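The structure appears right after this line, and notes come after that.
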Amino acid sequence: MTPILKELLQISALPLKTIENNSFSIDSSGFSPNKFSRWFDHKWGAKGKETEKRLFYKAHIIVGNNTHVVCNAEVTSQFVADPIMLPQLIQEVKMNFDMKEIDGDKAYSSRNNLELLNKLGIVPMIPFRSNSSKKPKGSRIWRDMYNYFAYNRRGIS
């Protein structure tokens, strides 16, 4: 059922392809069903007095900045990190839309993601984490984007 729903979501965005302005945003958000999990139960297979933890899922989405149409989405467990999802989501949207720029938060800042976006001809507007090194480690796009953000901090909110 999930592949069918995902395809329907992607197809429903296609009519807006001609008016979407080549700029997209990526982010994720958590949501929770009415279900709890306990580590004690997981480990020992029995009920205990350990604290309950609410289970949640993450919806990773890419939207068009002009129309706000959801172009792609993927629901994962709470343990899937945001930067891991970027390549798959981007490549699927790139098949249907002319992507020129992607906006994202610091969670998507990685050399691998910047390299992929550069290879696909997409400008990554992703700020760097406070502990990011300016050392490119062989990545020219990392150096270029690091310098861009370092010298344009006032213009970037």
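Worth a mention:
- Label positions at LEU16 and GLU115, each projected 7 Å from the Cα along the C-beta direction, are separated by 3.3 nm.
- A cut-off of 5 Å between modelled amide H atoms, ignoring neighbours fewer than 5 places along the same chain, links ILE102 with PHE24, VAL123, MET125.
- Distance violations [Cα-Cα > 22 Å] among LYS6/LYS94; LYS17/LYS100; LYS58/LYS106; LYS100/LYS135: LYS100/LYS135
- Dipole moment magnitude, nearest 20 debye, the range 86-157 about Cα centre, only Lys, Arg, Asp, Glu C-beta charged: 500 debye
- Extension gain (nm, one decimal) between GLN91 and LYS6, 0.36 nm per residue minus Cα-Cα: 29.2 nm
- Net length gained if the chain between THR76 and ASP144 were fully extended (0.36 nm per residue, minus Cα distance): 21.3 nm
Quick note: the coordinates plus some simple rules give every number you see, no bench work behind them. Only a predicted model underlies this, so the values are computations on that prediction, with no experimental measurement involved. With ideal geometry, Cβ positions are generated from the backbone for all residues, glycine too; neighbour counts draw on all protein chains shown.
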